[in-house]
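The values are calculated or read from the model by the stated rules, or taken from the named source; none is laboratory data. Just so you know, these numbers come straight off a predicted model, no measurement behind them. Please note: Cβ atoms are built from the backbone with ideal geometry, for glycine as well, and neighbour counts cover all protein chains shown. Note: accessible area is taken over every heavy atom of the protein model, side chains too, but ligands, DNA and RNA are not part of it. Shrake-Rupley method; radii C 1.70, N 1.55, O 1.52, S 1.80 Å.
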Amino acid sequence: MPYSERVMDHFANPRNMGEIPDADGIGKVGNPVCGDMMFIYIKVKDDILVDVKFKTFGCAAALATSSMITELAKGKTLEEGMRISRKDVADALDGLPPQKMHCSNLAADGLHEAIKDYLIKNGRAFVKVDL
Ligand code: FES
């Protein structure tokens, strides 16, 4: 299965790429198998993800899924962000080749880690959401 047009679009024209220097939360995740790494940065206001950016050192699918998670997460509440699953990311990209499904894990996990970082920094309880 080749990459979908949507994956190729997000790979060629990544949305929200870069760092948020004064981020409220940062998620850092890596894939031990391939060595790829991803950073997700969030800005939060009144429990809304008002800005989400990423920096990714990885494959085309990792780049496309990072780009997509920023679009899925922006404007959502923290709880809604925690509920964005690995499958949601892959589905939003019209699927990924089976051998590339693990790449979507990084994006969803990175967002969750960034939200967790924000909550812990602000002395708030982190509640794991079952997806
Ligand atoms: Fe490493 Fe895609 S091959 S995340």
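Each residue in segment 83-100 was checked for being within 16 Å of the ligand (Cβ to nearest atom) and either buried (at least 22 other Cβ atoms within 10 Å of the Cβ) or more than 14 Å from the chain's Cα centre (by Cα) (or both), and 9 of them qualify. Starting from segment 1-17, keep only residues that are open to solvent by less than 90 Å² (accessible area, probe 1.4 Å), then list their pairs with residues that are assigned to a loop (DSSP other than H, G, I, E, B) and not hydrophobic (A, V, I, L, M, F, W, C) whose Cβ atoms are within a distance under 8 Å, requiring at least 6 positions of separation or different chains. Pairs found: Y3/P97; S4/D94; S4/G95; V7/D94; F11/Y3; N16/K74. For segment 50-58, the condition holds for at least one residue, the condition being that it is crowded, with 17+ Cβ neighbours inside 10 Å and more than 16 Å from L111 (Cα to Cα).
Once segment 28-46 is narrowed to residues that are in a strand (DSSP E or B) and either over 19 Å from T77 (Cβ atoms) or within 15 Å of the ligand (Cβ to nearest atom) (or both), the residue that is most open to solvent (accessible area, probe 1.4 Å) is K28. Evaluate the following for K116: is it within 27 Å of G35 (Cβ to Cβ), assigned to a helix (DSSP H, G or I) and modelled with pLDDT under 95? Here the answer is no, as K116 does not meet what is asked. Here P21 fulfils each of the conditions (1) within 10 Å of the chain's Cα centre (by Cα); (2) more than 10 Å from the ligand (Cβ to nearest atom); (3) open to solvent by 10 Å² or more (accessible area, probe 1.4 Å); (4) not charged (D, E, K, R) apart from (1).
Is it the case that segment 64-72 has a residue that's crowded, with 18+ Cβ neighbours inside 10 Å, free of Cβ contacts under 8 Å to residues at least 60 places away in the same chain and more than 16 Å from the ligand (Cβ to nearest atom)? Scanning segment 64-72, I find at least one residue that is crowded, with 18+ Cβ neighbours inside 10 Å, free of Cβ contacts under 8 Å to residues at least 60 places away in the same chain and more than 16 Å from the ligand (Cβ to nearest atom), so the answer is yes.
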